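Heads up: the structure comes next, in structure tokens.
Just so it is clear, none of the values below were taken in a lab; they were calculated from the coordinates. Predicted model only: the values in this text are computed from it and were never measured. Glycine also receives a Cβ, built like all others from the backbone with ideal geometry; neighbour counts cover every protein chain displayed.
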């Protein structure tokens, strides 16, 4: 059984004058991880033509990354707590960088997909570890909130910058450069990590691992992400969707049983009984669902109905990145004044932006509908994401910060996968229904009918997230009291 010596824990923020430079490094890593989740969308036609992908196989350039990223986040976060956060972060960075080079040099579909799987694994190790380092480097309160506001801002920019960065690269030197650009950034991160990041982990008299718990929860998340990624293509009622969903539910039940009996569980069930932590992760799911669903649908509308190029859409979507940055910066201050329920305000803005976007039409235009829809959604995404992230880490002991970060990032990835699956299903179903009853309708009108319905679905999902934020989240000081924080020794070496 794990045990620890009760020693006084120093305040990391006071001991580490390099913390803001460390934050810049960690945010840069997060930016690249989020960017790589979407930048390949722009390059898919070129990748398919160059490597002779089948139409069905091409979607796995996205899905292979999403599967390993979403499936391994929890394990990556817990490994950081047990093995050392800087060490694990650097291992993830090395894996991500090497896999990016493998993607850039891929000579066949199999080579590219294999590299994307490894790249997703590297991202799953880096992301929760980076967030855990922020949590243990900055003291809970205004300084940590400020750090998480910057973290959220970079994430929002990364999620919306794919078209702006990817378009010129694909049209210029070629699709391989969307992966080549990761290599110098990754190498710089590996060089700077020992200089800027302190090593930290819980100092335990005996380390104990939970392989059965790790295998079951990883398998459950992989099956869940696989099911929601495949569902829009094969159908929600098809065996290829139902079997993975049932398998995921069975593995989650097995995981809960294992954790309740293990002396050193991967996820202590008391964490999941925290109203604030559970509420924060539930809200994060809906932040991911709407935050990815809205720009995904808007991309299709802009390119298929308005005839925008990927580059033109990237430039026009800059307002989303700017608004998300503003919302993220505002979020870190809103937590102190209004509590964690300020996430409800972010979800309300996302709902309002989605409702504005239901007014898209044929032929349509950028102003005022798209502009104001993006503006409202962007501020809402930044505000809700930062608030839910602060809530997910509030009151969590340092020795469990990696685990809490893994839970938060897993919730975001599951939400993102669900967002694409839900809006795709709604849009396709509505378009088919419209065409069935209007045989001679303009195809663009039928598509737009589907996109409008998808935005309605996003508004409903945002409203559900708002209700959860109001019901489950409170003020930071309440969250801090929910989980009594055992004091652990933290090893720090420069």
Tensor-based shape of region 141-282 (alpha-carbon gyration tensor, a/c under 1.5 rounded, otherwise prolate or oblate): oblate
Only Cα pairs under 8 Å and at least 6 apart count here; give the relative contact order of the chain as a rounded whole percent. 24 percent
Given axes a ≥ b ≥ c from the Cα gyration tensor, I'd like to know whether the chain is rounded (a/c under 1.5), prolate (a/b larger than b/c) or oblate. prolate
How far apart, in nm, are two points set 7 Å out from the Cα along the Cα-to-Cβ line at residue 195 and at residue 143? 2.3 nm
Could you please state, rounded to a whole Å, how far the C-alpha centre of region 362-400 is from the C-alpha centre of region 138-202? 18 Å
Compute the long axis of helix 342-357 from its Cα atoms, compare it with the longest principal axis of the Cα atoms of the chain, and write down the angle in degrees, 0 to 90, nearest 10. 10 degrees
Spacing of the two label points (7 Å from each Cα toward its C-beta) at residue 110 and residue 362, in nm: 4.4 nm
I'd like the distance separating the alpha-carbon centroids of region 51-96 and region 19-43, in whole Å. 14 Å
Calculate how steeply helix 60-83 sits against the longest principal axis of the alpha-carbon atoms of the chain, using the helix alpha-carbon long axis, and give the answer as 0 to 90 degrees to the nearest 10. 10 degrees
Give me the three principal axis extents of region 224-380 from the C-alpha atoms, as integers in angstrom, largest value leading. 59, 48, 24
For the chain, the longest principal axis of the Cα atoms and the Cα long axis of helix 162-171 enclose an angle in degrees, to the nearest 10, of 60 degrees
Tensor-based shape of region 88-177 (alpha-carbon gyration tensor, a/c under 1.5 rounded, otherwise prolate or oblate): oblate
Stretched fully, the stretch from residue 237 through residue 183 gains (0.36 nm per residue minus C-alpha distance, one decimal, in nm) 15.3 nm
For the residues 458, 27, 103, what sequence is obtained by ranking on other C-beta atoms within 10 Å, fewest first? 27, 103, 458
Treat each spin label as a single point 7 Å out from the Cα along the C-beta direction, and report the residue 44 to residue 171 distance in nm. 2.0 nm
Let me check against my output: what whole-number percent is the relative contact order of region 210-263, with C-alpha pairs under 8 Å and at least 6 apart? 47 percent
